[in-house]
Amino acid sequence: MSSLNEAIRKVTKSIGLFKFNEAINIAYDFFWHKFCDWYLEIAKHDISDKNTQEVLLCVLKKSLLLLHPFMPFITDEISGKLPGNKVETIAVSAWPMEEKLFEDKASVRAMELVFGSVMALRNMRAELDLQSQEKLNCMITVPAGKRPALEKASGLIQGLAGAGKLTIADEKKVPKNCLSALVSADVRVYLILEGLVDVESEIERLDKQAADLLRQLKQKEKMLKNKEFLKKAPSEVVEREKHKMAEMKESLKRMKEVRGAFK
């Protein structure tokens, strides 16, 4: 609800300044990335709760109002099918207003840490090619001031990341034989590797992937050093290839970090 407040404030301001592209980007970012990507996923764990249902409906209704100037027909169609609808068309509904009652920046910051931790664990799961049913043993190290918020949300992190065991610990405590990722300047997530993977097989897999990627990277570098290619190729193609090469370098760097986690 606090994030919705922020979206309403920013979209209203942007429309008032005739910055329509900015307004739709803000509305899209809130609806797709915060509401659909995260809140709907979270709500599944408690969907029978009346409060959860009411928040889902409230946020959906207000999101449709924010999107209506840019997507009039589909928002009107969806709005008309929602429970409690009392207007013939969403076009005559009042524009959503901020509600200071729901302003809670501390909760927003805490949830950003939750989302960051979950994404880090999901990425590490993908890097190790682990199945979704594999329960992860992990630790989050955090300063004392941020610890209560993460402890309160630990069950949520476990559910979203598929963690079997999650420990919230002091930032100075670093586990052995683990893969880690930085969530923020002072919060780090660790995936405990002991008993999770076959070390020798994983090293072999990573070495093979790294060798393949390195070969592709050298081919890409050779192409981008070719004067004929640079001369004939459209500038957007060259930029796209440069971007791909940068991504490959970053992937190779991360593979080496993962490889280094196996002692």
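Readers should treat all values here as calculations from the given coordinates under stated rules, not as data from a laboratory. For clarity, every value in this text was computed on a predicted model and none was experimentally measured. Cβ coordinates were reconstructed from backbone atoms using ideal geometry, including for glycine residues, and neighbour counts include every protein chain displayed.
Taking the alpha-carbon distance from residue 34 and a cut-off under 13 Å, which aspartates and glutamates remain once sequence neighbours fewer than 8 residues away in the same chain are dropped?
Cross-link targets: 6, 112.
Compute the normalised compactness of segment 1-134: alpha-carbon radius of gyration over 2.2 N^0.38 Å, N being the residue count.
With N residues counted in segment 1-134, Rg over 2.2 N^0.38 Å equals 1.19.
Could you tell me how many degrees, from 0 to 90 and to the nearest 10, lie between the Cα long axis of helix 105-127 and the main elongation axis, the longest principal axis, of the Cα atoms of the chain?
Value to nearest ten degrees: 40.
Cross-link candidates for residue 146: which lysines have Cα within less than 20 Å, leaving aside residues fewer than 8 places away along the same chain?
Hits, sequence-local ones excluded: 105, 165, 172, 173.
In deg cm²/dmol, rounded to 500, what helix-only [θ] at 222 nm does the chain give when every DSSP H run of at least 4 residues adds -39500 (n - 2.57) and the total is split over its residues?
When only DSSP H runs of four or more count, the value is -18500 deg cm²/dmol.
Can you tell me the orientation of helix 199-225 relative to the chain, as the angle in degrees between its alpha-carbon axis and the longest Cα principal axis, to the nearest 10?
80
Setting aside same-chain residues fewer than 8 positions from residue 86, which lysines have a Cα under 23 Å from its Cα?
Cα-Cα hits under 23 Å: 50, 61, 62.
Would you mind ranking 75, 89 by Cβ crowding within 10 Å, fewest neighbours first?
89, 75
Can you work out the Karplus-derived ³J(HN,Hα) for every residue in segment 151-156? Use 6.51 cos²θ - 1.76 cosθ + 1.60 with θ = phi - 60°, whole Hz, and x for glycine or proline.
Using θ = phi - 60°, the values come out as 5, 4, 9, 4, x, 5 Hz.
Rounded, prolate or oblate: pick one for segment 24-99, where a ≥ b ≥ c are the square roots of the eigenvalues of its C-alpha gyration tensor, a/c under 1.5 means rounded, and failing that, prolate if a/b is larger than b/c, else oblate.
Note, shape of segment 24-99 comes out oblate.
As a footprinting exposure proxy, order 170, 29 by other Cβ within 10 Å, with the fewest listed first.
The order, fewest Cβ neighbours first, is 170, 29.
Which of the GluC sites (Glu not before Pro) found in segment 76-111 are in a DSSP loop and have at most 11 neighbouring Cβ atoms, other than their own, within 10 Å?
Listed in order of number, the matching sites are 88.
Could you line up 104, 37 from fewest to most neighbouring Cβ atoms inside 10 Å?
Listing 104, 37 from fewest to most nearby Cβ atoms yields 37, 104.
With each label point set 7 Å from Cα along the Cα-Cβ vector, what nm distance links residue 126 and residue 22?
3.2
Between helix 2-16 and the chain, what is the angle of the helix's C-alpha long axis to the longest principal axis, kept within 0 to 90° and rounded to the nearest 10?
Helix 2-16 sits at roughly 70 degrees to that axis.
Report the relative contact order of the chain, percent, no decimals, based on alpha-carbon pairs under 8 angstrom and at least 6 residues apart.
Over the chain, the number comes to 15 percent.
Could you give log10 I(q)/I(0) at q = 0.11, 0.12, 0.13 Å⁻¹ for the chain, computed by the Debye formula over C-alpha point scatterers of equal weight, without solvent?
-0.85, -0.95, -1.02
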